[in-house]
Amino acid sequence: MELKDYLEHLNSGCRVEVGSEMHRYMCKVSNDAMRVTTQINNSYHTPEELVTLFSELTGKEVDSSFMMFPPFYTDCGKNITIGKNIFINSCCNFQDQGGITIGDGSLIGHKVVLATLNHGFAPEDRGTLYPAPITIGRNVWIGASATILPGITIGDNAIVAAGSVVTKDVSPNTIVGGVPAKEMKHI
């Protein structure tokens with residue numbers, strides 16, 4: 001299997017059954033992500049070195065304006081796409097198999113979780129994984145310890161309050177907060 005085949009499968013929303021060839025490839029990609037995130041997390045790196053390491057992690061060239069405060073965790077890495085002037089604060093967890101896209105100028109706070117996989121609800125289907133993308137627009141600010149669930153789109157200029165759990169799409173130019181997150185204000 002090739003990486004492009006794997007990503008096409010995930011990005012089309014097709015499920016991944018435990019023990020399948022796709023699942024075995026997922027584990028291989030995860031091991032590569034662990035190797036790179038271990039490098040990122042276990043010693044000091046200049047901002048330029050972090051750009052290089054994040055480019056290796058994602059398999060895509062990351063703009064030199066990218067900034068991150070490690071540690072950073074992901075179990076895939078290859079399905080992350082980020083724009084320019086992105087800042088990711090420390091202790092974030094990106095589960096990106098379903099795809100994560102972050103628009104220009106967005107800020108990701110401490111301990112943010114972006115989760116793009118769900119498990120089957122029925123007990124006999126619990127090991128099956130269902131990917132769904134997260135899309136974060138331009139100039140979005142996601143506050144510390146927020147969790148964004150699979151399939152969510154956050155519109156341009158939106159703010160997600162710290163500690164929120166986002167279960168529904170967020171309209172552009174709004175502030176949402178709470179568990180589950182609800183619109184609090186239009187900006």
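Some observations on this one:
- Highest mean first, the peptides 142-149, 12-19 sorted by other C-beta atoms within 10 Å per residue fall in the order 142-149, 12-19.
- More than 19 Å apart - percent of Cα-Cα pairs taken over the stretch 15-94: 35
- Accessible surface computed residue by residue for the stretch 10-61, with neighbouring protein chains in place and a 1.4 Å probe, gives 59 Å² per residue.
- Taking each DSSP H run with n ≥ 4 as -39500 (n - 2.57) and averaging over every residue of the chain yields -7000 deg cm²/dmol at 222 nm.
- Between residue 62 and 55, the built amide H atoms are under 5 Å apart, and every one of these is 5 or more places off in sequence or on another chain.
- Under a model in which nothing but the beta-carbon of Lys, Arg (+1) and Asp, Glu (-1) is charged, the chain shows a dipole of about 460 debye around its Cα centre.
- The DSSP beta bridges internal to the chain are antiparallel in roughly 20% of cases.
- Between the C-alpha center of the stretch 1-59 and that of the stretch 82-121 there is a gap of 14 Å.
- Sulfur and carbon atoms: percent of accessible area, the chain [1.4 Å]: 56
- Backbone amide hydrogens, once placed in the peptide plane, bring residue 154 within less than 5 Å of 135, 136, 137, 170, excluding anything fewer than 5 places away on its chain.
- Debye log10 I(q)/I(0) at q = 0.19 Å⁻¹ for the chain, Cα point scatterers: -1.30
- Each peptide in 151-159, 176-184 gets a packing score, the mean of other Cβ atoms within 10 Å over its residues, and the list from highest to lowest is 151-159, 176-184.
- The residue among 33, 136, 65 whose Cα reaches farthest toward the positive pole of the charge dipole of the chain, with charges on the beta-carbon of Lys, Arg, Asp and Glu, is 136.
- Percent RCO, i.e. relative contact order, over the stretch 28-113, from Cα pairs under 8 Å lying at least 6 residues apart: 25
The values are calculated or read from the model by the stated rules, or taken from the named source; none is laboratory data. Since the model is a prediction, treat every value here as computed from it, not as a measurement. Neighbour counts run over all protein chains shown; Cβ positions are idealised from the backbone, glycine included. Each accessible area value is taken on the protein alone, full model and side chains, heavy atoms only, with ligands, DNA and RNA left out. Shrake-Rupley method; radii C 1.70, N 1.55, O 1.52, S 1.80 Å.
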